[in-house]
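The values are calculated or read from the model by the stated rules, or taken from the named source; none is laboratory data. Quantities reported herein were computed from a predicted structural model and do not represent experimental measurements. As a convention, Cβ positions derive from the backbone with ideal geometry for all residues, glycine included, and neighbour counts pool all protein chains shown. Note: areas computed on protein heavy atoms with side chains; ligands, DNA, RNA excluded. Shrake-Rupley method; radii C 1.70, N 1.55, O 1.52, S 1.80 Å.
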Amino acid sequence: MSRALLEAVGRLRDRGTLSPEQATFFGRIARGELVSVRLELQTALWAGVTLIAAGAGLLVKAHLARLGPVTIGAAIGLAAALCLWRVARTAPPFS
């Protein structure tokens, strides 16, 4: 709990700088009722992507002789093209 932050939120609410809804929200943060889990989510996503990449690498390593380099190259190229296509469709236009 941050007493200084609670007091600052109260002063800003009294001056009219913060609306009552905003003051309630920031007050909950100052009291420690709301916390961020951003770092934990980023770590979990990073670990998931790493496991997927490692699994794909092990799969390619195990089946390299049977699949052949052309098939593996085509699959990697297709995956890269699909990623670029998705970004091109969902990214906001340049300004």
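Of note:
- Residues that are part of a helix (DSSP H, G or I) and open to solvent by 90 Å² or more (accessible area, probe 1.4 Å) within region 81-95 comprise Leu82, Leu84, Trp85, Arg86, Arg89, listed in sequence order.
- Matching residues in region 51-65 - criterion: being modelled with pLDDT under 90 and surrounded by fewer than 11 Cβ atoms within 10 Å (Cβ to Cβ): Gly57, Lys61, Ala62, Ala65
- Ala30 fulfils the conditions (1) open to solvent by 100 Å² or more (accessible area, probe 1.4 Å); (2) touching a Leu at 6+ places or on another chain (Cβ under 8 Å) except for a single criterion, (1).
- Single condition Gly48 does not satisfy, out of (1) open to solvent by 60 Å² or more (accessible area, probe 1.4 Å); (2) modelled with pLDDT of 90 or more: (1)
- The set of residues from region 66-80 being β-branched (Val, Ile, Thr) and either open to solvent by 50 Å² or more (accessible area, probe 1.4 Å) or in contact (Cβ under 8 Å) with a residue 40 or more places away in the chain (or both) comprises Val70, Thr71, Ile76.
- Check on Val35, open to solvent by 100 Å² or more (accessible area, probe 1.4 Å) and assigned to a loop (DSSP other than H, G, I, E, B): yes
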